[in-house]
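In what follows, a single structure is set out as structure tokens and then discussed.
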Amino acid sequence: VTMIPSRAPLLEALEAYRARKVASFHVPGHKAGMSYSSAPEAAWLGTVGAYDATELPGLDDLHAPNGPIAQAQALASDCYGADQSYFLIGGSTVGNLAAIHAAAARGDMIIMQRNVHKSAIHALMLSGIGAVFVTPEKHSETQRLNGVSAASVEEALERYPEAKAVFLTNPNYYGMTMPLERIAQAAHVRGIPLIVDEAHGAHFGFHRRFPMSALQSGADVVIQSTHKMLSAMTMGAMLHVKGTRMDRGLLELYLRMLQSSSPSYPILASIDWARREVHTKGEALFGAALTAIDHMEQALADHPRFALYRTHDPLKPLLYDRTDALSGFTLLEALAEIGIYAEMADERFVVCACSSATTLADIDNLLQALDVIFNRFPDEKKEIRHNFSNTNLLQSPSLSKPVYVRSRTDLAASEVDVESAAGAYSAEMVIPYPPGIPLLYPGEPITEEAVDALLRLREEGARVQGVMDRTLRTIRVWREPF
Ligand SMILES: Cc1ncc(COP(=O)(O)O)c(C=O)c1O
């Protein structure tokens with residue numbers, strides 16, 4: 001089984017368990033889905049419940065694998081070109097947490113791109129590892145923040161030779177990428193690992209139209225949300241390791257500490273399935289979806305209102321109103337009212353996350369919905385007032401000194417009106433969601449620019465995590481740095 005791509009060892013082991021089972025005297029208490037049989041609206045839970053097993057004979061153990069989970073992970077390594085792969089049941093979130101914890105120790109420092117997902121900042125907060133934040137570049141055509149330049153990482157490494165790792169996010173939420181090879185080389189010259197959060201790029205490298213994957217570019221540790229752009233169930237993710245710059249023993253220790261001792265078998269099996277799909281089909285898996293998205297681009301080429309912008313990832317078309325009448329936020333909501341749900345919006349764009357399962361029928365439904373919206377919303381009203389994006393909120397460059405991100409529960413914070421917060425230090429994480437990139441972390445100085453961004457978020461009624469006052473009228477601050 002071990003190296004036959006068309007096998008899915010864990011999926012097969014679960015099916016064998018289901019066929020063999022006569023009675024359950026083990027957890028979970030729903031007893032292979034029996035609890036769900038009394039109500040029709042729960043019937044689907046019964047279907048999944050039949051496979052919601054635990055560490056039974058023949059089903060291996062995620063935290064000490066030597067059976068079908070070990071085989072499934074080995075196939076994943078083969079598929080991605082890794083030396084070792086780990087299935088995660090807590091999303092890329094847990095992969096980021098574990099990788100950062102394992103890369104350095106309390107008091108150490110790593111180089112980190114500033115516009116990372118909150119899980120990377122949370123890893124700093126939990127571990128006591130400091131970061132030198134590198135300011136990302138703006139993508140010139142869309143003015144959205146993308147990755148960092150190789151030169152800025154090289155400068156950071158030059159200035160902070162004690163850095164223990166480089167942590168980057170590639171691609172960004174819009175499917176924009178940065179060249180990783182030179183950065184990987186720069187890290188390797190110093191003998192430290194490049195860790196890449198490739199949450200949105202689990203499909204990279206499998207089609208000639210997709211960007212190169214982080215592993216192909218020389219990264220040492222790569223974290224992917226297999227549930228985002230491939231077909232694993234929500235929370236299903238992988239962490240891949242190549243080479244010896246990352247201590248695998250430590251990494252496994254942190255994965256054991258941070259993940260549930262009762263991992264979900266349906267999620268694990270769906271990761272095995274997603275791997276089998278790309279492993280066996282490769283380019284062919286994505287052909288029909290790409291043709292469908294290309295069709296949408298052509299169909300909108302002469303449209304008076306709506307258009308598609310394609311970034312580096314052809315599965316992430318950005319939809320926008322050419323007349324600037326409707327913001328991305330309004331367009332996303334108008335689409336949702338018709339039952340067309342998109343991934344994320346900002347002031348201008350609606351991010352459509354497509355995958356191998358996107359069909360021409362989906363695209364036709366989207367095009368028809370755009371016609372309905374076209375007729376309903378005239379273009380006289382200009383909604384887009386400024387070049388604002390909830391993904392661009394970011395403080396000024398901070399390649400100045402290591403920052404130890406901490407939440408000090410022992411230090412009294414005061415609540416102030418957002419309007420008068422400039423000059424103080426944020427006592428909370430301010431995280432517009434999506435995309436989940438913190439505008440402020442605990443201890444970060446609040447600039448006038450940050451206050452402006454907070455006011456705009458308030459005006460937009462944005463969903464914000466991490467703050468006590470979610471209406472953003474007030475913010476909790478510390479008066480002094482620490
Ligand atoms: C760049 C990035 N990294 C990590 C994550 C976390 O991934 P997950 O939701 O799989 O935990 C996200 C989620 O949106 C993300 O956008």
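The values are calculated or read from the model by the stated rules, or taken from the named source; none is laboratory data. These numbers come from a predicted model, not from an experiment. All Cβ positions, glycine included, derive from the backbone under ideal geometry; neighbour counts span all protein chains shown.
Observations on the model:
- Checking residue 286 against (1) crowded, with 19+ Cβ neighbours inside 10 Å; (2) within 16 Å of the ligand (Cβ to nearest atom); (3) hydrophobic (A, V, I, L, M, F, W, C), the condition it does not meet: (2)
- For the range 218-253, filtering for residues that are away from the ligand (no atom under 16 Å from the Cβ) and within 19 Å of the chain's Cα centre (by Cα) leaves 2.
- Qualifying residue in the range 431-438 (condition: part of a loop (DSSP other than H, G, I, E, B), in contact with an Asp or Glu (Cβ under 9 Å, 6 or more places away or on another chain) and modelled with pLDDT of 95 or more): no
- Flag if residue 169 is within 18 Å of the chain's Cα centre (by Cα), within 16 Å of the ligand (Cβ to nearest atom), surrounded by fewer than 24 Cβ atoms within 10 Å (Cβ to Cβ) and of a type in the set (Ser, Thr, Tyr): no
- Condition met for residue 35 (assigned to a helix (DSSP H, G or I), of a type outside the set (Val, Ile, Thr) and either without any contact (Cβ under 8 Å) to a residue 12 or more places away in the chain or within 16 Å of the ligand (Cβ to nearest atom) (or both)): no
- Lone qualifier among 210, 133, 167 - being among the aromatic types (Phe, Trp, Tyr) and within 24 Å of residue 278 (Cα to Cα): 210
- Pairs with Cβ under 9 Å, 6+ apart, first in the range 170-186 and free of Cβ contacts under 8 Å to residues at least 40 places away in the same chain, second within 12 Å of the ligand (Cβ to nearest atom) and of a type in the set (Val, Ile, Thr): 180/196; 184/196
- Members of the range 439-482 found to be under 19 Å from residue 117 (Cβ atoms) and in a strand (DSSP E or B), listed by number: 440, 464, 465
- With respect to being more than 19 Å from residue 433 (Cα to Cα), at pLDDT 90 or above and out of contact with any Cys (no Cβ under 9 Å at 6 or more places or on another chain), residue 331 falls outside the description.
- Tabulated pairs, the range 293-319, first free of Cβ contacts under 8 Å to residues at least 60 places away in the same chain and among the basic types (Lys, Arg), second part of a helix (DSSP H, G or I) and surrounded by 15 or more Cβ atoms within 10 Å (Cβ to Cβ), C-beta under 7 angstrom, 6+ apart or interchain: 310/297
- Matching entry among 275, 348 (being surrounded by 23 or more Cβ atoms within 10 Å (Cβ to Cβ), at pLDDT 95 or above and among the charged types (D, E, K, R)): 275
Residues checked against (1) part of a loop (DSSP other than H, G, I, E, B); (2) of a type in the set (Asp, Glu); (3) farther than 26 Å from residue 318 by Cα:
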residue: 148; (1), (2), (3): yes, no, no
residue: 152; (1), (2), (3): no, no, yes
residue: 168; (1), (2), (3): no, no, no
residue: 185; (1), (2), (3): no, no, yes
residue: 210; (1), (2), (3): yes, no, no
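- Only listed residue being in contact with a Gly (Cβ under 9 Å, 6 or more places away or on another chain) and within 16 Å of the ligand (Cβ to nearest atom), chosen from 88, 59, 45: 88
- Inclusion of residue 153 among residues that are away from the ligand (no atom under 13 Å from the Cβ), within 30 Å of residue 349 (Cα to Cα) and in contact with a helix residue (DSSP H, G or I) (Cβ under 7 Å, 6 or more places away or on another chain) is warranted.
- Any chance residue 87 is buried (at least 24 other Cβ atoms within 10 Å of the Cβ), within 24 Å of residue 189 (Cα to Cα) and under 16 Å from the mean Cα position of the chain (by Cα): no
- Residue 81 being of a type outside the set (S, T, N, Q), away from the ligand (no atom under 16 Å from the Cβ), in contact (Cβ under 8 Å) with a residue 60 or more places away in the chain and surrounded by fewer than 16 Cβ atoms within 10 Å (Cβ to Cβ): yes
- First in the range 416-444 and at positive phi, second anywhere and of a type outside the set (A, V, I, L, M, F, W, C) and not in a loop (DSSP other than H, G, I, E, B), Cβ under 6 Å, 6 or more apart: 436/118; 443/425
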